[in-house]
Amino acid sequence: MSDPESGAPQTRLIHTRSERLGRITVNPPLERASTVLFRTEEALYGPKPTYGRMGLTVHRELEAGICALEGARHTRLAGNGLQACALAIASVVGAGGHLLLTDSAYGPTARFCERRLKHMGVEAERFDPRIGAGITAHFRDNTQAIVLESPGSLTFEISDLPAIAEAARPRGIRIIMDNTWGAGLHYQPLALGADISVQALTKYVSGHSDAFGGAACTNDKLIAARIAACSEDWGIALGPDDAWLCLRGLRTLHTRLKAHEAAGLELAQWLESRPEVARVLHPGLPSHPDHALWQRDFTGTNGLFSFILKPFPKQAEARFFGALRLFGMGFSWGGFESLIIPCDEQLTRRADCWTRSKPGQLMRVHAGLEALSDLKADLERGFAALSAG
Ligand SMILES: *Cc1c(COP(=O)(O)O)cnc(C)c1O
């Protein structure tokens, strides 16, 4: 058998099983445990984990799997994606510091930077996600970190990570990339210059809308130690059941992601031809302004993209959502089910951003694993209701 370490991504994600004490099963035992028992007094202060919060067998195997996924040497797990983002960011900033935040960041991450970090004496400043090397104009003497998310999960701009990393590196500014969309398989931020890659495992890794999880990954030993210390101080932990579900999801991530990718691309192309749609925002389409950048840095897409409706009255939009039978309305993605959600309320972009002058509602779609013909028929029902009356 070839070496799992040098195999294709889908091979590596399946073969991260570790040697365990006693019986070896395909999947690790699920240990629901706060308390670990010791036979001797001496062992109490011996090798860790000595307490459930540090994670047990499942957590070690999930960490190994996420390391394989992200091309990372160190992975720290968190209770959810937001917690992993907060952990990663807080690990590389400190009082008196300045943080640069992409304007298309996930809303709760932006809120953490602009509300919580403020209390911790760190000033957050937003920048245009498409700024590239121009980011240097925002650097200050006290700039400590840059928070990126590429593509932004509502508006789908791609950031030029290599250019930003090249500008940041000589100044010791740390780069954190939210890699939930790329999911590790289609984007490798650590190889492209990020210091920390973060994922909400809640999305594609768990893949079934039934668990939470987060991970912060790095190849830098010092940063890994700072993340570990911050995680210990805040008591950050991932529950064993959720860790087990994330590990199970990881094994089939490659196959699912390919199916989501194919469905997403086909739906996006189909939506581009619809008369009700003003614009589709999907980095894999040639019409996307950052398509070339996506082609250079990414190896794939997934089921998540947006489109902008032409102007319709509020009641017409309500009829559209009311007519859908398959697409659910919900604030997440990455599961097996298709979702659609109006996003204007979630946009917290700067006043001068292009989103202010778009014609109609921003709609985000997650293409699930249902048959495409059924999904198109469902959206057709919606569009018929949108234009009726
Ligand atoms: C969902 C999401 C998160 C947060 O993950 P949770 O597990 O829901 O806390 C962070 N970043 C992005 C891009 C997300 O889509």
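The values are calculated or read from the model by the stated rules, or taken from the named source; none is laboratory data. What you are looking at is a predicted structure, and each value in this text was computed from that prediction instead of being measured. Note that we place each Cβ from the backbone using ideal geometry, even for glycine, and neighbour counts take in every protein chain shown. Protein only, heavy atoms only, side chains kept; ligands, DNA and RNA dropped before computing areas. Shrake-Rupley method; radii C 1.70, N 1.55, O 1.52, S 1.80 Å.
Remarks
- Environment charge at Ala215 (Cβ cut-off 9 Å; Lys +1, Arg +1, Asp -1, Glu -1): -1
- Hz values of 3J(HN,Hα) by residue in segment 243-260 - Karplus curve (6.51, -1.76, 1.60), Gly and Pro given as x: 4, 5, 5, 5, 5, 4, x, 4, 5, 10, 3, 4, 5, 5, 4, 4, 5, 4
- Segment Ile24-Met329, length gained on full extension (0.36 nm per residue, minus Cα span): 105.6 nm
- Computed per residue of the chain from DSSP H runs no shorter than four, each worth -39500 (n - 2.57), the mean residue ellipticity at 222 nm is -10000 deg cm²/dmol.
- Think of each Lys and Arg Cβ as +1 and each Asp and Glu Cβ as -1; about the Cα centre, that makes the dipole of the chain roughly 280 debye.
- Alpha-carbon centroid distance for the pair segment 95-157 / segment 162-183, whole angstrom: 11 Å
- Between amide H atoms placed 1.01 Å from N, distances below 5 Å from Ala183 occur with no residue 5 or more places distant or on a separate chain.
- Of the trypsin sites (Lys or Arg not before Pro) in segment 33-109, the ones in a loop by DSSP (not H, G, I, E or B) with at most 12 other beta carbons within 10 Å are Arg39.
- Straight Cα distances below 30 angstrom link Lys118 to the lysines Lys203, Lys221, with same-chain residues fewer than 8 positions distant left out.
- Enclosed volume per residue, in Å³, of the convex hull spanned by Cα atoms of the chain: 155 Å³
- Share of carbon and sulfur in the accessible area of segment 230-360 stands at 56%, probe radius 1.4 Å.
- In this structure, the amide hydrogen of Ala124, modeled 1.01 Å from its nitrogen in the peptide plane, lies closer than 5 angstrom to those of Leu99, counting only residues at least 5 positions away or on a different chain.
- Global form of segment 124-186, assessed from the alpha-carbon gyration tensor, a/c cut-off 1.5: prolate
- Under the Karplus curve 6.51 cos²θ - 1.76 cosθ + 1.60, θ = phi - 60°, whole-Hz ³J(HN,Hα) for segment 331-339, x wherever Gly or Pro sits: 8, 7, 5, x, x, 6, 9, 7, 9
- Given their separation in residues at 0.36 nm each and the Cα-Cα distance between them, Thr255 and Arg115 gain 46.5 nm when the chain is fully extended.
- Kirkwood's formula applied to the C-alpha pairs of segment 106-145 gives a hydrodynamic radius of 11.3 angstrom.
- GNM top mover of Gly152, Gly46, Gly81 - the chain, alpha-carbon springs below 10 Å: Gly46
- The residues of segment 16-152 expose, per residue, 51 Å² of accessible area to a 1.4 Å probe.
- Here the accessible area is traced with a 1.4 Å probe on the protein chains. For segment 77-224, carbon and sulfur cover 49 percent of it.
- Per residue, the solvent-accessible area of segment 263-371 (1.4 Å probe, heavy atoms of protein chains only, all protein chains present) comes to 44 Å².
- Exposed loop sites, defined as GluC sites (Glu not before Pro) outside DSSP H, G, I, E and B with at most 13 other Cβ atoms within 10 Å, are absent from the longest region of the chain, namely 42-389.
- Gyration tensor verdict on segment 216-277 (Cα atoms; rounded if a/c is under 1.5, prolate if a/b is larger than b/c, oblate otherwise): prolate
- Reachable lysines from Lys310, criterion Cα separation under 20 angstrom, eight or more residues apart if same chain: Lys358, Lys376
- FRET efficiency, Ser357 to Gln10 (Cβ-Cβ, R0 41 Å, nearest 0.05): 0.45
- Amide hydrogen neighbours beyond the local backbone of Leu304, cut-off 5 Å, H modeled: Ala367
- For the chain, share of DSSP beta bridges that run antiparallel, in % to the nearest 5: 55 percent
- Calculated FRET efficiency for the pair Glu42/Lys376, C-beta based, R₀ 41 Å, to 0.05: 0.05
- Cα gyration tensor shape for segment 146-299, rounded if a/c is under 1.5, else prolate or oblate: oblate
- Segment 271-389 - share of DSSP beta bridges that are antiparallel (%, nearest 5): 95 percent
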